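Undergrad: Handing you a structure now.
Throughout, read-outs are computed from the coordinates displayed, never taken from laboratory work. These numbers were taken from a predicted model, which means no experiment stands behind them. Here the Cβ positions follow ideal geometry from the backbone for every residue, glycine too, while neighbour counts run over all protein chains shown.
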Amino acid sequence: MSKVRPDEKAAAFWVNTVSVEHVRLGVVGGFTQADHGRSTRLQRLRPGDGLVFYSPRTEMRGGQPVQEFTALARVTGDAPYQVEMQPDFHPWRLRVDFLEVTPAPARPLVDELDFIPDPQRWGYPFRRGLFEIGRADFIRIGRAMGIDCEGGIPATSG
């Protein structure tokens, strides 16, 4: 079920659950991916939306536990685009501009975030991969990462 925004110009705010390794690839390439390369949920994002990345681990299939908010970006792409990474893998991506931030541990924020209904099971919401959050939660996470988004998402940090 797709959410209709009352004001199409109003920014929405999202969390994307991505390994540190994949966040780094996105930062270098100026893109985000979700849902193992499918375009379904990426299509809901619009230019100007805010996107924070939560990394449970260093790598997608293993690695060390991280449990941090590792990146923050502003959506710039109008629509997802497809790339060929391998002959049998053509993931969908969306253009974003990453801001310079300091990664922030998730646990200290658990009691303050509205999208986490049960602090004892705080990791459950992140299992959804890409999901929408409220503006207040985005601002809280941004502050923890050293960015003030109270007046909007900065277009660039440099």
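Undergrad: If packing is taken as the mean number of other Cβ atoms within 10 Å per residue, what is the order of 108-120, 46-58, highest first? Intermediate results must be reported in sequence, preceding the final value.
TA: Working: 108-120: 12.8, 46-58: 20.6.
Descending packing order for the listed peptides: 46-58, 108-120.
Undergrad: Taking a cut-off of 13 Å, what percent of all Cα-Cα pairs in the stretch 24-77 are separated by more than that? Before the final figure, lay out the partial values.
TA: Working: 936 of 1431 pairs.
So the pairs more than 13 Å apart make up 65 percent of the total in the stretch 24-77.
Undergrad: Pop out the ³J(HN,Hα) list for the stretch 134-146 in order, Karplus 6.51 cos²θ - 1.76 cosθ + 1.60 with θ = phi - 60°, rounded to Hz; leave Gly and Pro as x.
TA: Each residue of the stretch 134-146 in turn: x, 4, 4, 5, 4, 4, 4, 5, x, 4, 4, 9, x Hz.
Undergrad: Okay, next question. In a Gaussian network model over the chain where Cα atoms closer than 10 Å are linked, find which of Val96, Val18, Val28 has the largest mean-square fluctuation.
TA: Val28
Undergrad: Separate question: Could you give the length gained on full extension between Arg121 and Gln67, defined as 0.36 nm per residue of separation minus the Cα-Cα distance, in nm?
TA: On the way: separation 54, 0.36 × 54 = 19.44 nm, distance 1.33 nm.
That pair, Arg121 and Gln67, stretches by 18.1 nm at full extension.
Undergrad: Let me ask something else about it. Might you report the magnitude of the Cβ-based charge dipole of the chain about its Cα centre, with Lys and Arg at +1 and Asp and Glu at -1, to the nearest 20 debye?
TA: About 300 debye.
Undergrad: Continuing with the same structure: Taking 7 Å along the Cα-to-C-beta vector as the label spot, tell me the Thr40-Asp148 distance in nanometres, rounded to one decimal.
TA: The modelled label-to-label distance comes out at 4.1 nm.
Undergrad: Oh, and also: Picking from Gly142, Gln67, Leu94, whose Cα lies most toward the positive end of the charge dipole for the chain (charges on Cβ: Lys, Arg +1; Asp, Glu -1)?
TA: The residue sitting most towards the positive pole is Leu94.
Undergrad: In addition: I need to check one value: relative contact order of the stretch 53-112, counting alpha carbon pairs closer than 8 Å and at least 6 residues apart, in percent.
TA: Values: 91 pairs, mean separation 19.5, N = 60.
The normalised contact order for the stretch 53-112 reaches 32 percent.
Undergrad: Per the helix-only calculation at 222 nm, which mean residue ellipticity applies to the chain, given -39500 (n - 2.57) for every DSSP H run of n ≥ 4 and division by its residues, nearest 500 deg cm²/dmol? It would help to have the intermediate numbers written out before the result.
TA: Details: 2 runs with 20 residues, N = 158.
Helix-only estimate at 222 nm: -3500 deg cm²/dmol.
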